[in-house]
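Asks: One structure, pasted below without further comment.
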Amino acid sequence: MLDLMEAFKKMLVIDEGKRLKVYRDSKGIPTIGIGRNLEGRGISESECNFMFINDMNQTIEDFEATFTKETRRRLSQNQQMGLMNLIFNMGKDRFQRSFPNTIARIENGQMIEAIEALSKSKWSIDVGPYRTNRVLALLQDKWIYD
């Protein structure tokens, strides 16, 4: 026989189901995982930090998959962080689909042209001037977060 925790887990997985993306439960409440009520319970600070660290690690992997090793070595830490900010915000696939020419410019060492294209992009309009200006400053190798 299963111990209490294992039996409880098995029961809830069967009754609640397991979904890795947000869905609306039978009462229309946003839910995720195994019955986690996001509206009423939300997530804890430690769960938020755990997800954030995972998201940052994924973003670093996505950045490394998007830019060649040679390009990554040539970019300053600020420039790398600006590009990772974009990838974190948009996701790798959307970033790559939205900015193939910008990525090519960065790969070719044309950062000024890449910055200009980003400043005129739909992304810039979507995130607004505050975030746009911070990311563009990083791409100009300026640290402004102090």
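Read the figures in this text as sums done on the coordinates, not as results from a lab. In this text the structure is predicted, and so the values were computed from the model without any measurement. Here Cβ is always computed from backbone atoms with ideal geometry, including for glycine, and neighbour counts include all displayed protein chains.
Asks: Note down the net charge around Gly109, summing +1 for each Lys or Arg and -1 for each Asp or Glu among other residues with Cβ under 15 Å from its Cβ.
Replies: Charge balance near Gly109 sits at 0.
Asks: As a footprinting exposure proxy, order Leu12, Leu118, Leu139 by other Cβ within 10 Å, with the fewest listed first.
Replies: Placing the least packed residue first, the sequence is Leu12, Leu118, Leu139.
Asks: Can you list the HN-Hα couplings for the range 20-30, worked out from phi with the Karplus curve (6.51, -1.76, 1.60; θ = phi - 60°), rounded to whole Hz and with x for Gly and Pro?
Replies: Residue by residue, the range 20-30 yields 8, 10, 4, 9, 9, 6, 4, 9, x, 8, x Hz.
Asks: Taking percent of Cα pairs over 22 Å apart straight from the coordinates, which label in (1) 54; (2) 65; (3) 42 is the correct one?
Replies: Given (1) 54; (2) 65; (3) 42, the calculated one carries the label (1).
Asks: Can you list the lysines whose alpha carbon is less than 30 Å from that of Lys120, not counting same-chain residues fewer than 8 positions off?
Replies: Lys69, Lys92, Lys142
Asks: What number, rounded to the nearest 500 deg cm²/dmol, is the helix-based mean residue ellipticity at 222 nm of the chain, given -39500 (n - 2.57) per DSSP H run of at least four residues and division by all its residues?
Replies: After summing the helix terms and dividing by the residues of the chain, the value is -20500 deg cm²/dmol.
Asks: Report the net charge of residues surrounding Ile32, where surrounding means a beta-carbon distance below 14 angstrom and charges are Lys +1, Arg +1, Asp -1, Glu -1.
Replies: Overall, the nearby charge balance is +2.
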